[in-house]
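The values are calculated or read from the model by the stated rules, or taken from the named source; none is laboratory data. Here the structure is a predicted model, which means the values were calculated and not measured. Cβ placement follows ideal geometry from the backbone for every residue including glycine, while neighbour counts extend to all protein chains displayed. Please note that ligands, DNA and RNA were not included when accessible areas were found on the heavy atoms of the full protein model with its side chains. Shrake-Rupley method; radii C 1.70, N 1.55, O 1.52, S 1.80 Å.
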Number of protein chains: 2
Amino acid sequence: MVTAADSSSLRDRANQETFERLVQSDPVLVDIRRAGEIVPGLEPNVVLTSGVVMDWDEYGNGQRNAVIGGALFEGLADTPEDADRKIRSGDIIVDGCHPHGCVGSLAGIYTASMPVFVVEDRRYGTKGFCNFYEGPSHKRLNYGVYDQEVDEALRFIERVIAPTMAEALKRSEGGIPLRPLMKRAVHMGDELHSRNTAATLLFIRELFPHLLNVYVDRPDDVSKTLQFMSESDYFFLRLGMAAGKATADAAHGVEGSSVCTAMTFSSKYFSIRVGGLRDAWFSAPLEPMQAKLFDGFTEEDIEFMGGESPINETVGLGGFAQAAAFALQVYQGGSPQDMIQMNENMYRITVGEHEEFKIPYFRYRGTPTGIDVFKVVETSIQPVMDIGVAGRGGGQIGAGIMRAPLACFESAAEAYTEAYPNAAATTVST
Amino acid sequence: MVTAADSSSLRDRANQETFERLVQSDPVLVDIRRAGEIVPGLEPNVVLTSGVVMDWDEYGNGQRNAVIGGALFEGLADTPEDADRKIRSGDIIVDGCHPHGCVGSLAGIYTASMPVFVVEDRRYGTKGFCNFYEGPSHKRLNYGVYDQEVDEALRFIERVIAPTMAEALKRSEGGIPLRPLMKRAVHMGDELHSRNTAATLLFIRELFPHLLNVYVDRPDDVSKTLQFMSESDYFFLRLGMAAGKATADAAHGVEGSSVCTAMTFSSKYFSIRVGGLRDAWFSAPLEPMQAKLFDGFTEEDIEFMGGESPINETVGLGGFAQAAAFALQVYQGGSPQDMIQMNENMYRITVGEHEEFKIPYFRYRGTPTGIDVFKVVETSIQPVMDIGVAGRGGGQIGAGIMRAPLACFESAAEAYTEAYPNAAATTVST
């Protein structure tokens, strides 16, 4: 018979194993491919969007526009009305990104023809995919806008940026390891969610020798690619997200683990996944967020459109590394003291400290990593996330701090207790 | 008759003017040239070294070796003994860097054939020169070592790196403005003296497009140059120093100013220059420093060999921006709390806050800029500097915090009182 003590150590061991996978993951950018060629189940008539998939009518306006924009971009429909009809009839299928190995930024639209970064976890073999940052314009498909300008930006990425980068990447012989870049970036003021300035530079420097090789054949494309990467301090985010997904999927699936292995949201619900609870998602309505808006916008203008970039917080970055990124205050508000306090709180709900991502201000203490749903429930401390804010009219209108609803963690804890009745009987306090 | 009140406002006005020049300076990298072609007074038989020039016998072992190494490198002598003899006879002339518009890193050796960065202050027209970072080896001429390895590194810079960069720079049409790069770097964890990681990356990115242009003609040299710049996180320091010199010289020479416009040291003395006191230097013996040494070295191994990189502190960077660079603790020791406190103290001895270089941790407060010798004397707060530490056997053995001796400021204050008897009669307290 399994005693409470044994069960407790089952959970402890499982959480420790999950934590170790999270911190030992070794994500490498190995390829850039058309999503339809490599993303499992991304058939030509599928549009992926952020969050746990809902009934079509449940999606808010912005996220719905983004899905429709994706269908139009992919040529699956001629007009928004046509797209809407085909989604209702099942000719176009809308699904969540996560089950396909993808993570969506904001509305997070994926269609078969879009290029994606392919990041492989060299240690555990998992793959994460993410499509490209669309550029510095406030109008982007993933912020719910689809018009000629957005279309042109997407085509430019598809025809120039992605193939050029893919070509350079091929010359890197084995791909570009992301973990060392991410480690350095955290020492250079990035928390790798809302600030990716250093990581973007480090990545460009890494790719540059290979771009030089491509230059002889395609000088124009290389110059454009370099310019595109250079003008977007956010460029690295998608690589970080694909790395986070590969890492989180490597950590997922440890029997008995109560550690969160994904956080995602749609226009309506925030949802989490737990390491030892297979494919179950635990959802709760989104809470209002604490945002700093661009000039001319008010709280009234905020519209949630989804977002899966909290995969980065899941692996110990973003809001969990804020004290490494004081420069963020200008972008998302709050004082350095607020950032330090939020960051310190995250140590109370996590399994351990990252062995590679470390915060200089905390005397190189590792970032808090591996959110234990029971610790969240016991302390009522909500995981914090640094996210971009979309506006009612489409486009980005600011950035700020989002908090994961406690109810997700409460229902996950309940489900865990049902699945592991003995393991849950003891309280883990650290 | 001039009253005390009027005199005080003369000094206030002069210090304000000095401060404004310091913070409004606009240094631009405009050229890379052989020192002999562009540095005023750098004749073929001259060797420049750090600090106010002393009698030859006064130089410590390491700095003397560096000067002799410079003479050998330049072909001015066949052996160290020959060099020593020619220096004593006056066939080889040893002089300080500052009077020639140069600033030396550590021993700071300049000879006519060495390539230098030419930085021009676009607003005030002054020029600052600095030679190149020698590379990541601990053995370097500026750390008092000259052997075949050091010689090869210097020749490599002369034959490959400098001409390639010069060629790229020519294509930039007008040069590369350094102020915006420095501003960004301070938001990315550099204080731009002992940490230049971000600035180096930003500079490389700025030069990329021009290097691409050169690549077609000189692929090998471009690849090597890129690699050289990429492997040296310190690369930018020399650009920062040349910028600092151009800025400090622009600020120098305001009648009535009691603001320090240069800090420099030789193997023996620390010296400062004051804005309103022309070419006078005020010296005092060096004090022991607070260092973190590489493994295997002890305090006993420290040897001062000179250094003029404190030009960066003179313009509001380095030790005056430590709270922007917590990652430095690993390199030079100390806790983030120490760094914050030292940085805060610097506000008590400076004229104002930099309008462009701002510290995120201090909620984007500008760095303390413009050291007023009277404030130093009144508070007994010593200016702090982040510097590399040389070892008795030559080479770098660590890094740490150096403090400017109070005696320099006391004698400068006395000289000021003599020069401006009425201005000094009142006490400026802010």
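Solvent-accessible area of A:MET263, all protein chains in place: 0 Å² (probe radius 1.4 Å, heavy atoms, ligands and nucleic acids excluded). Taking packing as the residue-averaged number of other Cβ atoms within 10 angstrom, the listed peptides A:394-401, A:274-281, B:298-305 run from highest to lowest as A:394-401, A:274-281, B:298-305. Per atom type, chain B shows carbon and sulfur on 47% of its accessible surface, probed at 1.4 Å.
Here r is the Cβ-Cβ distance between A:ARG392 and A:GLU149 and R0 is 30 Å; the resulting FRET efficiency, rounded to 0.05, is 0.95. Adding -39500 (n - 2.57) for every DSSP H run of four residues or longer, then dividing by how many residues chain B holds, sets the calculated 222 nm ellipticity at -11500 deg cm²/dmol. When B:GLY174 is represented by a point 7 angstrom out along its Cα-to-C-beta vector, the spacings to that point in the other copies are 4.4 nm, nearest first. Each Cα pair under 8 Å and six or more residues apart adds its sequence gap; the mean of these over the residue count of the stretch B:22-240 is a relative contact order of 25 percent. Sequence-distant contacts, meaning Cα pairs under 8 Å at least 6 residues apart, place the relative contact order of chain A at 21 percent. Solvent exposure of the stretch B:22-240 amounts to 34 Å² per residue of accessible area, where only protein heavy atoms count and the probe is 1.4 Å. Once backbone amide H atoms are built at 1.01 Å from N, B:TRP281 has no partners under 5 Å, excluding neighbours fewer than 5 places away on the same chain. Per-residue mean of foreign Cβ neighbours for B:363-374 is 1 (Cβ atoms of other chains, 10 Å radius).
Helix A:219-231 and the long axis of chain A differ in direction by around 40°, with both axes built from C-alpha atoms.
Restricted to Cα atoms, the stretch B:22-240 shows a radius of gyration and a Dmax of 17.3, 51 angstrom.
With a ≥ b ≥ c the root eigenvalues of the C-alpha gyration tensor of the stretch A:258-301, is it rounded (a/c under 1.5), prolate (a/b larger than b/c) or oblate? Prolate, because a/c is 1.5 or more and a/b exceeds b/c. Annotation: aspartates and glutamates with alpha-carbon distance below 12 angstrom to B:LYS268 (same-chain offsets under eight excluded): B:ASP55, B:ASP57, B:GLU58, B:GLU287, B:GLU303. Take the convex hull of the alpha carbons in chain A; its mean projected area over all directions comes to 19.7 nm². With a 1.4 Å probe rolled over the protein heavy atoms of all chains, the accessible area of B:ASP338, A:ASP31, B:ASP217 falls in the order B:ASP217, B:ASP338, A:ASP31, largest first. Here the stretch A:180-309 is assigned +1 on the Cβ of each Lys and Arg and -1 on the Cβ of each Asp and Glu. Its dipole about the Cα centre then comes out at about 500 debye. Counting Cβ atoms of other protein chains within 10 Å of each residue's Cβ and taking the mean over peptide A:317-324 gives 1. Axis angle, to the nearest 10 degrees, between helix B:197-215 and the longest C-alpha principal axis of chain B: 40 degrees.
With one equal scatterer per alpha carbon and no solvent term, the Debye-computed log10 I(q)/I(0) for the stretch A:40-115 at 0.12 1/Å reads -0.26.
Using a 7 Å projection from Cα along Cα-to-Cβ, the label point at A:PRO288 is separated from the same position in the remaining copies by 6.0 nm, smallest value first. Take each residue in B:219-231, count the other chain C-beta atoms within 10 Å of its C-beta, and the mean is 2. Of all beta bridges DSSP finds with both residues in the stretch B:22-240, what is the antiparallel percent, to the nearest 5? Around 75 percent of the beta bridges assigned by DSSP in the stretch B:22-240 are antiparallel ones. With all protein chains in place and ligands, DNA and RNA left out, the 1.4 Å accessible area ranks B:GLU313, B:GLU353 as B:GLU353, B:GLU313, largest first.
With only Cα atoms counted, the protein assembly as shown has Rg and Dmax values of 29.8, 102 Å.
Just the accessible area per residue of the stretch A:284-363, please: how many Å² with a 1.4 Å probe?
Per-residue accessible area for the stretch A:284-363 comes out at 36 Å².
Once A binds B, the 1.4 Å probe can no longer reach about 3000 Å² of accessible area, counting both sides. The label point for A:ASP55 and the one for A:GLU378, both projected 7 Å from the Cα toward the Cβ, are 4.0 nm apart. Within chain B, the cysteines lacking any other cysteine Cβ closer than 4.7 Å to their own Cβ are B:CYS130, B:CYS260, B:CYS408. Excluding same-chain neighbours fewer than eight residues apart, the lysines reachable from B:LYS127 by a Cα-Cα span under 24 Å are B:LYS170, B:LYS183, B:LYS245.
For chain B, the longest principal axis of the Cα atoms and the long axis of helix B:237-251 meet at an angle of about 40 degrees.
What separates the A:ARG392 label point from its copies, with the point 7 Å along Cα to Cβ, is 7.5 nm, written shortest first.
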